[in-house]
Amino acid sequence: VQLQAFGGGSVQAGGSLRLSCAASTRTFSSYAMAWFRQDPGKERTIVAAITWSGEDTYYADSVKGRFTISKDNAKNTVYLQMNSLKPDDTAVYYCAAAGSGYAASKSRNYDYWGQGTEVTVSS
């Protein structure tokens, strides 16, 4: 499974961005998907995750109420809508896929990773 993430960029605090991640698999609907982010020298941490069906989601406390993850099985794509962005949201964002279908919060539970897309939020 190959994952390609895009949609990152630079935005001022309070602005919005939408990240997309396209997957190259015919069985995309069976995968749970997630977005992680990483600052240089720091651990990669969960931002949001969604189950294979899209019915259940998980969000890190720091993004609850501001970010929304969604999954379009017909388009083999997962999205992360990011609103009310803060400078602390600045990081490289990675999408990931889990064959278990379970929206886990730990990176070790994900089987495939995209290349990352950079988000910069200025104050």
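What you get for the chain, charging only the Cβ of Lys and Arg (+1) and of Asp and Glu (-1), is a dipole of about 80 debye around the Cα centre. Excluding ligands, DNA and RNA, the accessible surface per residue across the chain is 52 Å² with a 1.4 Å probe. Projected onto the charge dipole of region 1-107 (+1 at Lys/Arg Cβ, -1 at Asp/Glu Cβ, origin at the Cα centre), which of Gly101, Ser84, Gly7 gives the Cα projection farthest towards the positive end? Of Gly101, Ser84, Gly7, it is Gly7. Per-residue 3J(HN,Hα) values for region 89-98, derived from phi via the Karplus relation 6.51 cos²θ - 1.76 cosθ + 1.60 with θ = phi - 60°, read 7, 4, 4, 8, 9, 10, 9, 8, 10, 10 Hz in sequence order (x marks Gly and Pro).
Of the solvent-accessible surface of region 33-74, computed with a 1.4 Å probe and all protein chains present, 45% belongs to carbon and sulfur.
Across region 23-39, coupling constants 3J(HN,Hα) worked out from phi with the 6.51/-1.76/1.60 Karplus curve, θ = phi - 60°, read 10, 9, 8, 7, 10, 4, 5, 8, 9, 7, 10, 8, 10, 10, 9, 8, 9 Hz, and Gly and Pro carry x.
Amide H contacts of Gly15 (H built 1.01 Å from N, in plane; Pro and chain starts excluded): Leu85 sit under 5 Å, all sequence-distant by 5 or more or on other chains. Checking the a/c ratio against 1.5 first, then a/b against b/c, what shape does the Cα gyration tensor give for the chain? Note, shape of the chain comes out prolate. The trypsin sites (Lys or Arg not before Pro) of region 1-83 that meet both conditions, a loop assignment by DSSP and at most 12 other Cβ atoms within 10 Å of the site Cβ, are Arg26, Lys42, Lys64, Lys75. Shown in residue order for region 45-55 are the 3J(HN,Hα) couplings computed by the Karplus curve 6.51 cos²θ - 1.76 cosθ + 1.60 at θ = phi - 60°: 10, 5, 10, 7, 9, 9, 6, 4, 7, x, 7 Hz (x for Gly and Pro).
The values are calculated or read from the model by the stated rules, or taken from the named source; none is laboratory data. Just so it is clear, the structure is predicted and the values come from calculations on it, not from any experiment. In this analysis, Cβ positions are derived from the backbone assuming ideal geometry, glycine residues included, and neighbour counts consider all displayed protein chains. Accessible surface areas use protein heavy atoms only, side chains included; no ligands, DNA or RNA. Shrake-Rupley method; radii C 1.70, N 1.55, O 1.52, S 1.80 Å.
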